[in-house]
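Remarks on the structure that follows.
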Amino acid sequence: MAASPDYTTSPDEDRALVEAVLGNAPGAFERLVRQYQGLCWHIINRMVRHPEDARELCQEAFLRVHQCLHQYRFDAALKSWIGQVAYSVAKRHLERKRIPIAENPGDDDGLSLAESVSDGFDLEASVSDDEIAAHLHAAIEALPPLQRTVLTLYHLEEVPIGEISRITGLAEGTIKSHLFRSRKLLRDALEPRMGVAA
Amino acid sequence: MNKNKHDPRPFEASEEREWQAQERALRNEKLGSDAAQDDALVARYRTIARALRQPPAGALPSNFAYEVARLAALQARPAEVDARLEQWLVRLLVGVMALAGAVVAALYGGQWLQATGALFVETGGVGVGGWIMALAACFAITFGFDWLRKSSHGNDASRA
């Protein structure tokens, strides 16, 4: 079982860290970056899928955090606020490159998404655990950027739906629908290898 | 689950059951509970949950935090210098204005006092009481018009 990264901080710890950064305390901003760089990396890397771009965008996101930290009003967890900055930096990058970030969760057929997730799957191959995992990772990579990011935030970062909603600016129902549909697509991609579930 | 008009349609009963299986798989995987206890659907989703809990390939360089903090400090320095310079210029401007005001008052203050005194002497017929009456008349006109406007609106509203 993969360990989930631990960014859980109390509001008091958030406040102390933010005040230290705003007061130019030595090493405070470096501490903030160290604490949240994993979260930023997961969001941005999942969105853009290009390690070089993702590194530059992570840097841009933290510089923006440094520039705008005085605007943080402690009305949400610092983690959500930083996640929001990282998400908006990655989203703007994809928009500039004219890469669509999501398929509409309200679409009932979801055919095109299912096709892209199944692309490149060798249905006749053997079914060892490693191969299943490799194919699942390929299927996750084939999801649109938003769906990949929502799944990563929910499963790997263990961010609750309400916080993901705050980070992405989407309604909680939309996040829930993305989670449901993406996991169902991954299951559908898995079925030919494992047999149909009862 | 829908909180606004942009939310997608609510889950149907079969979808809700599948959602519950997805959530149970996530919980069981987190807790590391015995996989043999999972039903077939939960077992499928547990495989997916395991894959999703693997961090994506690649990572930031080990000195990333240090480098970003250094860059941020470099970027912040010119802004700090600008802010300090601006503050200093504002203080200088306020000081110059105060000094200029003092000089003008010292040069012409005597003349202003004399002129003001003469004005009081010229309007001596009216007196202080006259000025107070004029002020009271201004207030009366202002509040009178306001009262008339409000009462006419009130009558319109009661008629409607």
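Brief remarks on what is shown
- Projected label distance in nm at A:SER88 and B:MET97, using a 7 Å step from Cα toward the beta-carbon: 3.5 nm
- What a 1.4 Å probe finds exposed on segment B:8-74 is 54% carbon and sulfur by accessible area, rounded to a whole percent.
- Karplus 3J(HN,Hα) series, Hz, for segment B:38-50 with 6.51 cos²θ - 1.76 cosθ + 1.60 (x for Gly, Pro): 6, 6, 4, 5, 5, 4, 4, 5, 5, 4, 5, 4, 5
- Summed over both chains, the contact between A and B buries some 4500 Å² of accessible surface at a probe radius of 1.4 Å.
- What the phi angles of segment A:17-28 give under the Karplus curve with 6.51, -1.76 and 1.60, with θ = phi - 60°, is a coupling list of 5, 4, 5, 5, 5, 5, x, 6, 5, x, x, 5 Hz, glycine and proline written as x.
- Model label points for B:THR116 and B:LEU31, set 7 angstrom from Cα along the Cα-to-Cβ axis, are 8.4 nm apart.
- A Förster radius of 22 Å, combined with the Cβ-Cβ distance separating A:ARG64 from B:GLU67, puts the computed FRET efficiency at roughly 0.90.
The values are calculated or read from the model by the stated rules, or taken from the named source; none is laboratory data. Note that this is a predicted model, so its numbers are computed, not measured. Heads up, the Cβs are rebuilt from the backbone with ideal geometry, glycines too, and the neighbour counts pull from every protein chain shown. Calculation scope for accessible area: heavy atoms of the full protein, side chains included, ligands and nucleic acids excluded. Shrake-Rupley method; radii C 1.70, N 1.55, O 1.52, S 1.80 Å.
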